[in-house]
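Everything below concerns the one structure shown next.
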Amino acid sequence: MLEVQGLQKSFGGVRAVRDVSLRVAGGELLALIGPNGAGKSTCFNMLNGQLRPDAGTVRLDGRDITGLPPRVIWRLGVGRTFQITATFGSLSVLENVQMALLSHARRLFGLWRPVAAEDPAPALALLDRVGMAAQAARPCGVLAYGDLKRVELAIALANAPRLLLMDEPTAGMAPAERVALMALTATIARQSGIAVLFTEHDMDVVFTHADRLLVLDRGAMLAEGRPDEVRADPRVREVYLGSSH
């Protein structure tokens, strides 16, 4: 579903990403890990169009999407969640998801029909999928952080994505919430055939839920493989995991 070849990005004299290539199949979870400054977020920002690569190609289901604007990439079926949740705090949980659905339907700026008049069923179905339907009427501004992450996942699913990019999806969450969110993501991905690429610093989450891992160090690929293979790689243990792993 996602195929990246030779991705490169520099900022002045700093080579943030150096010749990164990866593939993710539908229903597969690939974890992109590495120390701070390894180039993970820069990779993400090139994949969804926030940054234009200096070199390399990004293909979604065979289509070249390299350097397209984020709004175009989103309409082609790429969802994204962010390290810091991005919801409208004064709007209800339901309204937040409805906004995403209206945007996907190109009806966000209609002047004659208020959001309250829209059929809530599609948004409620997404909220039910992530376990948030019971809190649909609550403002996002009063939710616990773990619940906000679930709402953001529902928003990311509003465009029926074929690829889901998740930048540190469990950051700021309690350990039990982290496990629950990634288990939910894995279930949805495998049921719907969604390819998932995620970054994460919690190694328990990574080794429990990722099908494969790709390790970056100073912008370059250090290792790639199944969790057990990467865990045993002496280079990865030296650079990132440490001897305790």
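The values are calculated or read from the model by the stated rules, or taken from the named source; none is laboratory data. In this text the structure is predicted, and so the values were computed from the model without any measurement. When we count neighbours, we look across all protein chains shown, and the Cβ atoms used for this are built from the backbone with ideal geometry, even at glycine.
Restricting the search to the range 12-70, which residues are of a type in the set (Ser, Thr, Tyr) and in contact with a Gly (Cβ under 9 Å, 6 or more places away or on another chain)? Steps first, please.
Filtering the range 12-70 for residues of a type in the set (Ser, Thr, Tyr) gives 21, 41-42, 57, 66.
If the condition is that a residue be of a type in the set (Ser, Thr, Tyr) and in contact with a Gly (Cβ under 9 Å, 6 or more places away or on another chain), then Ser21, Thr42, Thr57, Thr66 are the ones that fit.
So the check is Cβ under 9 Å with 6+ separation or different chains; which pairs have a first residue in the range 132-145 that's in the same structural domain as Ala121 (by TED's automatic domain parsing) and a second one that's assigned to a loop (DSSP other than H, G, I, E, B) and among the hydroxyl-bearing types (Ser, Thr, Tyr)?
Pro139/Ser90; Cys140/Thr85; Cys140/Thr87; Cys140/Ser90; Gly141/Thr87; Gly141/Ser90; Leu143/Thr87; Tyr145/Thr85
If you go through the range 208-223 one residue at a time, how many are surrounded by 18 or more Cβ atoms within 10 Å (Cβ to Cβ) and either modelled with pLDDT under 90 or within 25 Å of Gly193 (Cβ to Cβ) (or both)?
Number satisfying all stated conditions: 5.
Listed here are the residues, each with its yes/no results for (1) over 30 Å from Leu143 (Cβ atoms); (2) free of Cβ contacts under 8 Å to residues at least 60 places away in the same chain; (3) in a loop (DSSP other than H, G, I, E, B).
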residue: Asp19; (1), (2), (3): yes, no, no
residue: Gly79; (1), (2), (3): no, no, no
residue: Gly89; (1), (2), (3): no, yes, yes
residue: Leu94; (1), (2), (3): no, yes, no
residue: Ser103; (1), (2), (3): no, yes, no
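So which residues in the range 43-77 are outside any loop (DSSP other than H, G, I, E, B), under 24 Å from Ala31 (Cβ atoms) and of a type in the set (D, E, K, R), if there are any at all?
Looking only at the range 43-77, we keep the residues that are outside any loop (DSSP other than H, G, I, E, B), and these are 43-47, 55-60, 63-64, 70-75.
With the extra rule that they be under 24 Å from Ala31 (Cβ atoms), the set shrinks to 43-47, 56-60, 70, 73-74.
Hit for the range 43-77 is Arg59, nothing else.
Take the residues in the range 150-179 that are modelled with pLDDT under 90, of a type in the set (A, V, I, L, M, F, W, C) and outside any loop (DSSP other than H, G, I, E, B), then tell me which one is nearest to the chain's Cα centre (by Cα).
Val179
Which is part of a helix (DSSP H, G or I), in the same structural domain as Asn48 (by TED's automatic domain parsing) and of a type outside the set (Asp, Glu), of Val215, Val230? If you could, list the steps in order and put the result at the bottom.
On the way: Val215 fails: part of a helix (DSSP H, G or I).
Going through Val215, Val230 in turn, the sole match is Val230.
Could you check the range 187-201 and list, in sequence order, the residues that are in contact with a helix residue (DSSP H, G or I) (Cβ under 6 Å, 6 or more places away or on another chain) and at pLDDT below 95?
First, pick out the residues of the range 187-201 that are in contact with a helix residue (DSSP H, G or I) (Cβ under 6 Å, 6 or more places away or on another chain): 196, 199-200.
Residues satisfying the conditions are Thr199, Glu200.
Based on this model, can you work out whether Met221 counts as more than 16 Å from Met1 (Cβ to Cβ), more than 17 Å from the chain's Cα centre (by Cα) and not in a helix (DSSP H, G or I)? Before the answer, list the steps.
Working: more than 16 Å from Met1 (Cβ to Cβ): yes; more than 17 Å from the chain's Cα centre (by Cα): yes; not in a helix (DSSP H, G or I): yes.
In short, yes.
Looking only at the range 1-30, count every residue that is under 22 Å from Thr187 (Cα atoms), crowded, with 16+ Cβ neighbours inside 10 Å and out of contact with any His (no Cβ under 8 Å at 6 or more places or on another chain) and tell me the total. Write out each step before concluding.
So the first thing to find is which residues in the range 1-30 are under 22 Å from Thr187 (Cα atoms), and the list is 1-2, 23-30.
From what is left, the residues that are crowded, with 16+ Cβ neighbours inside 10 Å are 1-2, 23-24, 26-30.
Then keep just the ones that are out of contact with any His (no Cβ under 8 Å at 6 or more places or on another chain); that gives 1-2, 23-24, 26-28, 30.
So the count comes out to 8.
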